[in-house]
Amino acid sequence: MASREWLYGCLRAGRHHWNQWRQSYPQLSVDLSEVNLTGLDLGGYDLRGCNFSHSVLRLVNLRRATLCYANFYGADLHAANLEEADCTGALFYRTVGDRSTCQRAILRLVNLQQAQFQHADLAWAILEQADCRGANFRDADLSFVQATAADFKGGQLVAASLNDATLRFAQLDYASLEGVYAYRCNFQGASLTYAGLTKGYFARALFVNANLSHAVCRWANFRHANLQGSCCDQTDFDHSSYYGDWRLLRSPSD
């Protein structure tokens, strides 16, 4: 394993030098844990499998970097740029990525448990089968996100933008979606049991075969939404708006 001082110098030498070294020694593990890399330009770097746990990467440019299976456990990625980065399988457990830019990033199969991505820009990102349990996406832009089968149980999506997002078969049980903007969002087959949807905007959203049982949807906007086949057992729709027959949304047990 190369020393951290040598690795840091290699990073500063430039993308071409770094990527050439990684190609020559792909078997070497790269430990950059607990280091301060604030403001570095690592755009396009091959950082797959690197260990950045508890490191400071504030304002770092990781645009189009290869970060597959990298370890960002407890790292500080505040205001970092991960636009179009390939983060497949990466570990972001308890990572702080507030105000980061992750547009069109590939976050498939990542672990984002208890991560903080408040005010982050994840528009068009791929979050398929991502583990986002307990993650905080308050005020984040998740519009056009592809998050099929992602797990957001107990997550915070308060006032986030989910416009035109795809959350088919996603797990959103006990999640907080108060004040969310989810115009034309696809929740087909998703589970939102005990979720908070108060004052959410779900106009033209798709809830076909979704499970909304015990969810709190007070003052929410469901105008022109498709709730066909959805389970609404003991769902609270008090003061919500919907163009349809509320009676058709109740489970047979009602």
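Each value in this text was obtained by applying a stated rule to the coordinates, not by laboratory testing. Computed from a predicted structure; not experimentally measured. Every residue, glycine among them, receives a Cβ derived from its backbone with ideal geometry; neighbour counts consider all protein chains shown.
A few notes on this one:
- Separation of alpha-carbon centers, segment 145-212 and segment 1-51, rounded to whole Å: 38
- For segment 135-143, putting each phi into the Karplus relation 6.51 cos²θ - 1.76 cosθ + 1.60 with θ = phi - 60° gives couplings of 6, 10, 10, 4, 6, 7, 9, 10, 5 Hz, in residue order, rounded to whole numbers and with x for Gly and Pro.
- GNM top mover of Arg64, Arg223, Arg168 - the chain, alpha-carbon springs below 10 Å: Arg223
- The mean sequence distance of close C-alpha pairs (under 8 Å, at least 6 residues apart), as a share of the length of the chain, puts its relative contact order at 8 percent.
- Among Glu84, Glu128, Glu34, the largest mean-square fluctuation in a Gaussian network model of the chain, built with springs joining Cα atoms closer than 10 Å, belongs to Glu34.
- Gyration tensor (alpha-carbon) shape descriptor, segment 51-120, a/c threshold 1.5: rounded
- GNM top mover of His224, His214, His16 - the chain, alpha-carbon springs below 10 Å: His16
- Modelled FRET efficiency - R0 45 Å, Tyr25 with Ala149, Cβ distances, 0.05 increments: 0.80
- Compactness relative to 2.2 N^0.38 Å, alpha carbon Rg of segment 6-123: 0.95
- For segment 48-87: rounded, prolate or oblate by the Cα gyration tensor [a/c cutoff 1.5]: oblate
- Tail fraction, Cα-Cα pairs, segment 141-254, threshold 24 Å, whole percent: 10
- For segment 95-192: rounded, prolate or oblate by the Cα gyration tensor [a/c cutoff 1.5]: rounded
- Pairwise FRET efficiency - Leu59 versus His239, Cβ, R0 = 41 Å, nearest 0.05: 0.40
- Relative contact order (percent, whole number), segment 95-194, Cα cutoff 8 Å, 6+ residue spacing: 20
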